[in-house]
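What follows draws every value from the coordinates through simple rules; no lab data is involved. From a predicted model like this one, the values you see are computed outputs, not experimental measurements. Neighbour counts run over all protein chains shown; Cβ positions are idealised from the backbone, glycine included.
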Amino acid sequence: MSKGQLYPTEPLKTWGLAKQAREDFYLDYRDCHAKGGIRWAGGAWALDALTYGLGDDVFSITSEPYGASCAFNKDIAMKCMMTTEKYGYARDLCAYMRIYWGSVLTKGTYPWGGDYPIPDFIYQDHICCSHAKWYQVIVDHEPQIPMTCIDVAAGPFMPGTDVKIKPHAVKYVADQMLEAAEWLEKTTGRKFDDEKFIEAVKTECVNTSLWADICALNKAVPAPIDEKTMYSLYVLNTLCKANKRITPVLKEVYEDVKDRVARGIAAVPNEKARIMSDTQPPWGFLKVFRYLERYGVVSIGSLYTFGLMGIWEVKEDGTWGGRTLPWEKGVEIKTREQAAYVNADWNLSKPEFQHFYHPKYKTRMMSRIAKEWKLDGVMLHYNRGCEGLSLGIAENRLGLLKAGVPVMTFEGNMGDEREFDEVATMARIDAFMETLGLKKDY
Amino acid sequence: MGMEVFKDIYENRHKYQKEWKEKTGSKMIGYFCTYAPEEIMYAADIIPVRILGSHEPQNVTEPHIFGMYCPFCRDVLAQGLKGRYDYLDGIMIAQSCLHVRQAYTSWDLHIPVGFSYYLPMPHRVTNAGAKPFLRQELIDFKNAIEAWTGKTILPEDIDKGIEILNTTRRLLRQVWDLRKAENPPITGQEAIYMVLACQFGDKREVNKLLEEALNELKTRKIDRETGNRLMIIGSEDDDIAFINMVETICGATFVMEDHCTGSRYFWNQVVPQEDRYAALAARYCERPPCPTKDWAQPRDRLVWALDMAKQWGVEGAIIVQQKFCDPHELDIPAFRKAFEAAGIPTLFLEFDVTVPLGPFRIRVDAFLEMLRQEDLF
């Protein structure tokens, strides 16, 4: 081990596998028409299990990860956003959305080559003010695309706690899915297959619970994976959480990370302190996380990386882990109606949904992570690019401080580099590290 | 009586509410958005009071709401943090935009009140399931009010609440019809004062004032030129200073508006049916929508606003938005395009807490000159 190194380290074995799965997603979406397939667009939170009822050759593009992928390429992102502004849309709107619109309106900006492939239909969900409106604007410009959208803002739900969902709220969402199934049949001319839908609902439960279990492995010291790596792994569920092709990849990742824990393999070999971040990072500036490593600090993830596509519950021993699969609790899914209800119930418990109702829920979850993952502090990204996930963030800061967790904030934008001050952010990190009693190793 | 009474309630809202509370002993609930079901509060003899900002610069909300959210929500929260609504017994919100939701949640966290309620008002209001969902949420809200007050709310109490609100709505609609006249007997500013008085005052009293005002307006002639007939469209707008400037200095009249401190608040009534809660749910789902609840293609609100513009003989539309107001920002390009296509020119203005009268006057004057096609030289 080199000087300053406290733990052994090595690359993740499943890294290439995960990267390939991600690339396949975007290429499949682009090329599926040539094979007679269907493509559709919607948000990463869309209740996508339903669309698998149309067949195995139906491919989606999820708007937020797509925006993030474009944002990683600063030239494409800037070109897209400037186009959007030219059409009269405000600069303070969701950065992913502005990039996405720009990509639709601008030639040659699909990061995997060519023009943005126009979808056959739009199937979205809505909890943040932008979600349904995002695609309403797309239809303003591409009026031939049929669109439907499901309202999922039905109330808070945190399994294993006192925050319970009301049955009529689950039914409200499930009924919309049943309506949407009929709409999908009518729109595509394909018969809706209940068996395939049920299979996709089960797959989503497996994939999202599994992701939570992978994140729970990061409770180990040293942390087997760091947040920058997690961004390349969590994205699989943001792309197609109900796709059975993702399950073996996630299972391999789980075994890989578990093995690292067993062998004491660290993501950051000089790990001396542990933090978490919050919300999307400034995608064009992921080097922030590498900068932390110079202080021997690992970011173990965040509520965003854990809870955007991980479904959690409070276990019997009081700790957080992947939500128990419905059939392990005796729920057998036999009908379309049951599948819709289970899928609605599952999705409504998404940790990232809860703070839309009150910041106290997010503070509660973040305080839990701080304790169970043994953190020394929290970096809150005051993200000007996302009104939804920055909601209540100032109250989260106050709540965490009250819980005794050191907090630093930095202001930025996940997709618009014009709103990120790299030098100032690094300076704030330096100051925060100093308050945590840390010095640079290199 | 004159129109001054409405202005007085607006400008002295806190004095009015404190005195009213002392006089009647009624509980008061502050609400943050006009999707709040006021009928249920009146059914329990609770006076609902809208919480609006004060249009004054403030420095108390920075620790609570990140600066990228609209100035309106921060102004609203500031009222609570400064103790100006200290007579409220409770607060509630019917889920609307992200921004104002933060004002509610921060109020809930930091300003102690005896009752606090979050009602998940559906967003997809045109969906078949929205009304049954809201119906149950309204019953849950009623149950919560009962648990808090210890008073059972009977069906006839709900009828009473519906009657009070429907009377307000009916009277305001009658006033609004008068604004169609070639020389409207009421200015836009006076009309907005009326709506705001309804949001701040006890409607049982304000309804009487509205009736008196309506009788007066039927024969009223005001000593001013109507000038250009304008419509104001956009997010929450009790920016009286702006409306006053346009009407008194620039020489135009607002004859119609589309915002929640105006027509959107009262446009449709509760249509009575045996199931009172279903009737209430239908009313709130069918009202002219806030943009966050309007996902239709074409937009329901746009279709409605264009129709109003035609019926009220609007020559130009001023589209205003609170800075950072995402739901409106998402609609504005479509609105401008549709209004221009219908031959109604638009002027777009972005508002903050205070109104920059000078710069806005220049822009409004230029807009009106364009409407008048004046030969300047």
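Structure above, values below:
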item	result
Candidate aspartates and glutamates - alpha carbon under 17 Å from B:Lys180, same-chain residues fewer than 8 apart omitted	B:Glu190, B:Glu216, B:Glu225, B:Glu247, B:Glu257, B:Asp258, B:Asp307, B:Glu315
Per-residue HN-Hα couplings for segment B:210-219 [Karplus 6.51, -1.76, 1.60; θ = phi - 60°; Hz; x = Gly/Pro]	5, 4, 4, 5, 4, 4, 5, 5, 4, 10
Charge sum, other residues only, whose C-beta stays under 13 Å from A:Ser390's C-beta, Lys/Arg counted +1 and Asp/Glu -1	-4
Calculated from backbone phi, Karplus (6.51, -1.76, 1.60) coupling profile of segment A:87-103 in Hz, x at Gly/Pro	7, x, 8, 5, 6, 8, 6, 2, 5, 4, 5, 5, 5, 4, 4, x, 5
FRET efficiency, A:Lys334 to B:Glu274 (Cβ-Cβ, R0 35 Å, nearest 0.05)	0.45
Distance violations [Cα-Cα > 32 Å] among A:Lys360/B:Lys151; A:Lys86/A:Lys171; A:Lys202/A:Lys272; A:Lys74/A:Lys219; B:Lys160/B:Lys337; A:Lys350/A:Lys402	A:Lys86/A:Lys171; A:Lys202/A:Lys272; A:Lys74/A:Lys219; B:Lys160/B:Lys337
Set of segment A:109-125 residues, backbone N closer than 17 Å to the point 7 Å along the Cα-Cβ line of A:Gln144	A:115-122
Other-chain or far-sequence residues with amide H under 5 Å of B:Asp258's (modelled H)	B:Ile232, B:Ile233, B:Gly234
Under Karplus coefficients 6.51, -1.76 and 1.60, residue-wise ³J(HN,Hα) of segment A:389-404 in Hz, glycine/proline x	8, 8, 4, x, 5, 5, 6, 4, 4, 4, x, 5, 4, 5, 7, x
Nearest-ten-degree value, helix A:359-372 long axis tilted from longest Cα axis of chain A	50
Under 5 Å, built H, 5+ apart or other chain: amide partners of A:Ile38	A:Val58, A:Phe59
Residues B:Ile65, A:Ile165, A:Ile38, sorted so that the one with the fewest Cβ neighbours within 10 Å comes first	A:Ile165, A:Ile38, B:Ile65
Average beta-carbon neighbours from other chains, 10 Å sphere, peptide A:32-44	0
Placed amide H near A:Ile150: partners under 5 Å, 5+ positions off or other chain	A:Gln124, A:Asp125, A:His126
Cα shape, segment A:15-435, gyration tensor, a/c 1.5 rule	oblate
For A:Leu438, net neighbour charge (Lys/Arg +1, Asp/Glu -1) across residues whose Cβ lies under 12 Å away	-1
Label-point separation in nm, A:Gln5 to B:Glu211, each point 7 Å along Cα→Cβ	8.8
Chain B: relative contact order as a whole-number percent, Cα under 8 Å and 6+ apart	19
Mean Cα-pair separation over length for segment A:15-435, i.e. relative contact order, pairs under 8 Å, 6 or more apart, %	18
Distance-filtered residues of segment A:9-27 - backbone nitrogen under 19 Å, label point 7 angstrom along A:Lys251 Cα→Cβ	A:13-22
Cα long-axis angle, helix A:167-188 against chain A (0 to 90 degrees, to the nearest 10)	60
Computed label-point distance, nm, for sites A:Val314 and B:Glu11 using a 7 Å Cα→Cβ extension	5.3
Mean Cβ neighbour count within 10 Å, used as a protection proxy, ranking B:31-38, A:8-15 highest first	B:31-38, A:8-15
C-alpha long axis of helix B:130-149 to longest principal axis of chain B, angle in °	60
